[in-house]
Amino acid sequence: MADELDDVTDDETAESSEAVIAVHWREEETYPPPASFTAQANASDPAIREQFTEDKFPDSFTAYADLLTWFKPWDTVLDTSNAPFWRWFVGGELNASYNCVDRHLATHPNKAALIWVPEPENEAHQAITYRELYVRVNEFAAVLKELGLKAGDRITFHMPMVPELPVAMLAAARLGIIHSQVFAGFSGTAAGHRIADSGSTVLVTMDGYYRSGDLLDHKVKADEAVEAAAKEGQQVDKVLVFRRYPGKYSAATPMVEGRDVFVDDLLAAHKGEIVEPVALQATDPLFLMYTSGTTGRPKGCQHSIGGYLAYVAGTSKYYQDIHPDDTYWCMADIGWITGHSYIVYGPLALGTTSVLYEGTPNYPDAARPWRIAKQLGVNIFHTSPTAIRMLRKVGPDEPAKYDFHFKHMTTVGEPIEPEVWRWYYNSIGKREAAIVDTWWQTETGGFLGSTLPGIDAMKPGSCGPAALGILPTILDENGDEVAAGSGKAGNIVIRNPWPGVFQTIWGQPERFVSTYYAKYNKDPKSTDWHDWPYFAGDGAVQAADGYFRILGRVDDVINVAGHRLGTKELESAALTVNEIAEAAAVPVVDDVRGRVVEMYVSLKPGFDASPEVEAKVRTAIETDIGKIARPKNIWIVPDMPKTRSGKIMRRVIAATSNFTDTGDITTLANPEVVERIRHQVQSAKVARGEVPRELSETELHEIEHFGSE
Ligand code: 6R9
């Protein structure tokens, strides 16, 4: 893979000559927060905003840091001397594991920290109290210590949604070991790339887990991961295998002698052992979270201990409205940033009860989430538009049949269509819940745009105003501000640093600067934060009332079911198939998953199109990335539409797959191919019944600008 990357520029900023696009959408009506919610909300007085105004920055954020227990207070709130590598709470010392576990023992040792719900409905849920969590975290920390791991080392987890995952994260955090959790649905090869990139020598995995009724063999992926990492020169010395049923091996893949060890065997030697939490610098890294960008190499977003934990604790308090006696359920996967910030670190820092569900929401039927909510008394619910669309499709009337009541609900990960929002509000929320539509990113650690649920009116389809202390604006290509209420879209940027922002891309500091800060920086030597707006890579518009509507990515990223997939990663996978000469990945609007991937490939001379070639491409993508990236269609085309300089015009292909206008094609080197491809693809789609409905303004915007060329 490395060779292919050499000629790829690191600059991921949009090349669109036309970032300012007029957007005409219907202004949606607003919904006031329920009075019952406001009466109990952590933030109920609008004056809270005054504590976070620009003139009070950066000291305003000490209010978030004060939610944590510090071993040593900080000397400097924000150090900008090495801009844009911001350092928060410099000189301060703390431990994330201590903050999420130990400190709650004094006040509520017997309260459930986690409630784990296995997918099989005949398996009882498990409540793990703060005291039990403390014991388990300490014992696993003892195991990590015995392996010789110490502060600053990296460890990779490839774990499903089981309580062993937060236990392992908190154990690593206890010792300052930087964890990198890879989504279990990703392939072994994808995990292997991330192991190599992070330089991990230990992989922690599980033998199997349940998804949609099947007990999957997950251990097989560990073997693939170790092999893929070795190809990149990274040796994995130990694979720690948790067992889904302790004492019983649930995978068919054999254990590798000397390398693979069962964690329950290792733990036996450390029963009841206590490992003191290490006092770490606020600016030390807590974890890496890999995400996709424009090039094929994933980006290991490095998050700090002090700034990150302060930010997720603060936003969990004011935006998730978590009180200690709430039962909070975020249905995301811990393998994504949402799970790190708002299943594990934020809720546990506040000492609440966080629910973890192993399986798929619609297993065995569309009412599963509502049975869980009722049984556990969940009162805060957090999920994605994709899950909401799916539950609405398969069981629109199910929520009404179950006696559960949410005071608060979240949507995150992609724009939500107003009609889907209304179903969420009316049917799941039963018109009693405040909803927050939280816009943010892997890179940002926590929320950037959202209403304050007890204060601000909700507006379907818009995330709302900036989060407390966040200063966003919309800029055009020249760096000029696009006025709120102008009806024009541009690039959303955050003018100031905030504690949750990632520190760098692991091992790629130049890419960190070029991707996120170079676009609007005029003086690379400046140490004044005002000179370094954070470029989020999303198009957005701001209404006259200050609410932002996010239109989607302006780079080559496809958001499938709320998960970011890089086109280059998909294309590199397709190019591993011998017959393939060229490949292009584009998004197709999908009523449930938001977007799905379609691949266009052309063949090397001497090969003919066949279902076998298609199958090879599909397998290559599943092997390299995972089933989540499986393309809906693979089109073997005679040629790709290209610019005169030979660049594939992805927006033309995207338009073809989505039945939208291909726009200006006069600059193409081979305009005649557009019509041929259109005929081939669209007649096949018509025959398969895949003609899309009319696209919304947001969707059209993304498709028309996809690939920004
Ligand atoms: C947290 C998370 C980030 C990208 C982001 C944007 C899209 C996220 C959104 C949203 C509209 C929202 N996105 N939340 N778009 N409304 N409420 O999703 O992180 O996986 O890194 O994705 O997702 O395009 O740039 P991540």
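Below, the figures for the structure above:
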| read-out | value |
| --- | --- |
| Within the stretch 526-564, tally of residues that are within 10 Å of the ligand (Cβ to nearest atom), under 24 Å from GLY485 (Cβ atoms) and acidic (Asp, Glu) | 1 |
| Residue, farthest from the chain's Cα centre (by Cα), within the stretch 279-301, restricted to residues that are hydroxyl-bearing (Ser, Thr, Tyr) and either within 13 Å of the ligand (Cβ to nearest atom) or closer than 19 Å to ARG553 by Cα (or both) | THR295 |
| Residue within the stretch 659-670 that is in a helix (DSSP H, G or I) and either of a type outside the set (A, V, I, L, M) or farther than 18 Å from VAL586 by Cβ (or both) present | no |
| When residues of the stretch 408-424 are limited to those that are open to solvent by 10 Å² or more (accessible area, probe 1.4 Å) and within 15 Å of the ligand (Cβ to nearest atom), the one modelled with the highest pLDDT | VAL412 |
| Only listed residue being among the small types (Gly, Ala, Ser), away from the ligand (no atom under 16 Å from the Cβ) and either open to solvent by less than 10 Å² (accessible area, probe 1.4 Å) or in a loop (DSSP other than H, G, I, E, B) (or both), chosen from GLY461, GLY469, GLY446 | GLY469 |
| All positions within the stretch 668-704 that are surrounded by 13 or more Cβ atoms within 10 Å (Cβ to Cβ), within 34 Å of the chain's Cα centre (by Cα), basic (Lys, Arg) and farther than 13 Å from ASN633 by Cα | ARG678 |
| Answer residue from the stretch 572-593, given it is free of Cβ contacts under 8 Å to residues at least 40 places away in the same chain and open to solvent by less than 30 Å² (accessible area, probe 1.4 Å) and is farthest from SER292 (Cα to Cα) among those | GLU579 |
| Test for SER427: is it more than 16 Å from the ligand (Cβ to nearest atom) and of a type in the set (Ser, Thr, Tyr) | yes |
| Criterion (within 30 Å of THR283 (Cα to Cα) and out of contact with any helix residue (DSSP H, G or I) (no Cβ under 9 Å at 6 or more places or on another chain)) met by exactly one of ASP480, ASP528, ASP523, ASP476 | ASP528 |
| So VAL436, is it part of a loop (DSSP other than H, G, I, E, B), among the hydrophobic types (A, V, I, L, M, F, W, C) and either in contact with a strand residue (DSSP E or B) (Cβ under 8 Å, 6 or more places away or on another chain) or open to solvent by 20 Å² or more (accessible area, probe 1.4 Å) (or both) | no |
| Among (1) crowded, with 16+ Cβ neighbours inside 10 Å; (2) over 24 Å from ARG297 (Cα atoms), the one test that LYS616 misses | (2) |
| Pair list, Cβ under 8 Å, 6 or more apart: the stretch 49-68 residue touching a residue at least 12 places away in the same chain (Cβ under 8 Å), other residue of a type in the set (Lys, Arg) | LEU67/LYS317 |
| Any hit, the stretch 201-224, residues being farther than 16 Å from ASP624 by Cα and either at pLDDT below 95 or assigned to a helix (DSSP H, G or I) (or both) | yes |
| Residue match in the stretch 480-489 (condition: within 20 Å of the chain's Cα centre (by Cα), within 16 Å of the ligand (Cβ to nearest atom) and either touching a residue at least 12 places away in the same chain (Cβ under 8 Å) or surrounded by fewer than 20 Cβ atoms within 10 Å (Cβ to Cβ) (or both)) | no |
| Of the criteria (1) open to solvent by 30 Å² or more (accessible area, probe 1.4 Å); (2) in contact with a His (Cβ under 9 Å, 6 or more places away or on another chain), which one ALA173 fails | (1) |
| Flag if PRO509 is open to solvent by 40 Å² or more (accessible area, probe 1.4 Å), more than 12 Å from the ligand (Cβ to nearest atom) and farther than 30 Å from GLU29 by Cα | yes |
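The values are calculated or read from the model by the stated rules, or taken from the named source; none is laboratory data. Please read all numbers here as calculations on a predicted model, not as lab measurements. Every residue, glycine as well, gets a Cβ built from its backbone with ideal geometry; the counts of neighbours run over all protein chains shown. Accessible surface is based on the protein model in full, side chains and every heavy atom, while ligands, DNA and RNA are left aside. Shrake-Rupley method; radii C 1.70, N 1.55, O 1.52, S 1.80 Å.
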